[in-house]
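Reading through the structure tokens given below for one structure.
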Amino acid sequence: MNQENVYEDEQEEGLTFKKIGRFLQKAWLRMLIYIAIAVLLATAVAVPIRMYYKSEPIAQTTIEYIYSGIEVGEDPSGAPLNTDNIISTTVLAKAVDEANLGGKIKDISTLRDAMRIESVLTDEYVRLTEAAANGDTNAANTLRNYNMYPTRFNIIISNPSAIGLSDDQAKLLLNKVVNCYYAEFQARFSVTTMFAENSYNLSENDQLEFTDVYDIYLQSLESVKAFLARMETEAAGFISAANDTTFAQLASDINVLSSSYNQFNAYILSNNIWRNRETARNALLASEMDINNRLEPLREYIKVLTEQIKNIHPNTTTTGAGTDSNPTTTIISYPPQYFTYQERLDEANRQVRDYEVQLKNIATRLNNLDDEKPTDDALKAKAVENLAGIEKQTVEVIKKVNATVADYYDTTFVSSSVRQTQAPVVTRRGISFSLLVVYAVTVIVAVLAAGIVTAVKMSRAKPTTEKVEDKKEEAKE
């Protein structure tokens with residue numbers, strides 16, 4: 001009795017670990033071979049291109065800004081930094097002249113067209129970029145809203161030989177450009193004269209009463225006092241070697257001058273010295289009327305501000321359960337407009353105070369003018385002499401203030417705000433790419449190619465295997 005044996009070839013459908021294992025068993029050696037060949041080919045092609053292929057001859061130097069504000073893209077005055085000023089036609093013209101290259105470069109615009117400024121990526125931006133590339137999600141999120149403000153910039157002359165410059169001449173010119181830009185930057189942002197020095201010369205002006213001169217000078221010195229107070233807070237430790245002084249000492253000198261002017265005013269009032277009584281009376285009455293006209297609306301303004309401040313209620317926040325371990329804390333806060341109104345109220349009250357002082361001075365002077373006794377010429381001459389002496393002292397102090405301010409900005413700010421961080425070089429700029437990226441792409445392509453070839457060979461081998469199995473079955477029958 002013939003027994004018929006039936007063999008069923010169970011085919012697993014879908015992708016299984018067994019199929020993946022069989023595929024890798026057949027493909028791994030081919031993958032290694034393909035990877036080795038691909039890496040060798042990539043090295044033979046990419047490395048010579050990166051090392052030897054140069055696309056642009058350039059002369060280059062680098063400068064860096066290091067003052068406060070550059071980290072947010074501002075110049076020393078608070079405006080957006082304009083790096084085009086580095087290679088402005090004014091700077092380039094001076095640089096060409098100092099480098100004695102006028103015979104080579106006759107048209108500054110041609111040189112300007114051949115130059116450019118390139119920003120250098122900040123260290124923080126590079127760090128964030130690398131971290132994001134390595135999978136740091138925090139770095140990637142930061143980069144989405146990141147504004148990069150470079151502090152270093154490359155000054156570049158493209159193809160110097162095209163404008164007739166040798167390598168040495170190009171490097172010399174770049175150094176001169178940096179030096180001329182230093183001078184332009186210092187002139188643009190240094191404070192050289194804060195206060196007018198030639199305005200203290202009113203003693204010989206017969207059209208002004210001595211009391212008017214006193215008022216003008218005292219108001220002028222008040223602005224100097226306010227400025228020196230700010231500088232004393234900002235740079236308490238600064239000592240001007242050029243002027244052998246500090247801002248505190250200068251403020252003391254201004255106070256001495258104010259005392260001298262006050263003594264002069266007392267001398268005028270006590271001796272009832274006037275140049276023209278009728279003119280003085282009319283001027284004082286006009287001033288009194290003007291001040292009263294200003295005071296009335298100012299006092300109304302103060303009432304409105306006071307009422308607005310009264311109507312602003314604070315926000316009260318209470319935290320804690322009121323227990324020993326978690327005591328109750330009450331936080332009282334005011335909206336921003338509350339403080340704005342308070343500042344306006346303080347300023348208005350200060351103005352009222354100043355006006356009231358002026359009115360009292362006017363009243364005193366008008367009382368003196370009621371005395372019809374003529375002014376002694378000798379006293380008048382002495383007043384002119386005394387005032388001229390104080391004026392001379394004032395000019396000397398104001399000059400010292402200006403010189404100290406200029407010294408401060410020059411030595412502690414402007415002169416150290418820009419520096420050259422790379423000496424000029426002449427080179428050729430090549431193609432910039434990462435060999436690691438090239439190798440990574442190469443390996444991926446090689447693995448994919450090996451996998452495709454293996455899959456094709458396996459698919460072609462399957463029908464052949466099935467035919468062999470069919471023949472075996474027929475032979476058994």
Environment charge of residue 268, counting only residues whose C-beta is closer than 14 Å and scoring Lys/Arg +1, Asp/Glu -1: -1
Listed peptides 137-147, 283-293 by packing density, highest first (mean Cβ within 10 Å): 283-293, 137-147
Distance between modelled label sites at residue 378 and residue 97, nm, 7 Å Cα→Cβ extension: 6.1
Ordering of 153-164, 198-209 by packing [mean C-beta count within 10 Å, highest first]: 153-164, 198-209
Cα gyration tensor shape of the range 304-358, rounded if a/c is under 1.5, else prolate or oblate by comparing a/b with b/c: prolate
Among 455, 270, 175 the positive-end extreme of the charge dipole of the chain (Cβ point charges): 455
Rg/Rh (Cα only; Kirkwood hydrodynamic radius) as it applies to the chain: 1.29
When each of 19/457; 225/310; 106/176; 18/457 is checked by Cα-Cα distance, pairs over 26 Å: 225/310
Size of charge dipole - the range 337-379 - debye, nearest 20, with Cβ of Lys, Arg +1 and Asp, Glu -1, no other charges: 260
5 angstrom amide H check on residue 421, placed H, neighbours 5+ away: 62, 63, 64
For residue 156, residues with placed amide H under 5 Å, excluding near neighbours: 116, 118
Whole-number accessible area per residue in Å² for the range 30-164, which is evaluated in the context of all protein chains at 1.4 Å: 56
Degrees separating the helix 123-133 axis from the principal Cα axis of the chain, which is the longest one: 30
Rounded tilt (10° steps) of 336-369 against the dominant C-alpha axis of the chain: 20
Square roots of 5 times each gyration tensor eigenvalue, C-alpha, the range 196-262, largest first, Å: 28, 12, 10
Mean Cα-pair separation over length for the chain, i.e. relative contact order, pairs under 8 Å, 6 or more apart, %: 29
Calculated from backbone phi, Karplus (6.51, -1.76, 1.60) coupling profile of the range 18-28 in Hz, x at Gly/Pro: 5, 5, 5, x, 5, 5, 5, 4, 7, 9, 4
In sequence order, calculated HN-Hα J values of the range 38-48 (Karplus, 6.51, -1.76, 1.60; Hz; x Gly/Pro): 5, 5, 4, 5, 5, 5, 5, 9, 6, 5, x
Per residue accessible area in Å² of the range 176-289, where ligands, DNA and RNA are left out and the probe is 1.4 Å: 51
Rounded to whole Hz, the Karplus (6.51, -1.76, 1.60) HN-Hα couplings of the range 381-395, x for glycine and proline: 5, 5, 5, 4, 5, 5, 5, 4, x, 5, 4, 4, 4, 5, 4
D_trans [Stokes-Einstein, Kirkwood Rh over alpha-carbon pairs] for the range 250-379, 4 °C, 1.567 mPa s, µm² s⁻¹: 66
Mean separation of Cα contacts under 8 Å, 6 or more apart, over the residue count of the range 178-268: relative contact order %: 25
Burial ranking of peptide ranges 302-314, 367-379, 30-42, 395-407 (average Cβ count within 10 Å, highest at the top): 395-407, 30-42, 302-314, 367-379
Nearest-ten-degree value, helix 277-311 long axis tilted from longest Cα axis of the chain: 40
Estimated 222 nm signal from helices in the chain, with DSSP H stretches of n ≥ 4 weighted -39500 (n - 2.57), rounded to 500: -21500 deg cm²/dmol
Protein accessible area in the chain, 1.4 Å probe - carbon and sulfur %: 53
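The values are calculated or read from the model by the stated rules, or taken from the named source; none is laboratory data. Everything quoted here is computed from the prediction, not taken from an experiment. Backbone-built Cβ (ideal geometry, glycine too); neighbour counts: all protein chains shown. Note: accessible area is taken over every heavy atom of the protein model, side chains too, but ligands, DNA and RNA are not part of it. Shrake-Rupley method; radii C 1.70, N 1.55, O 1.52, S 1.80 Å.
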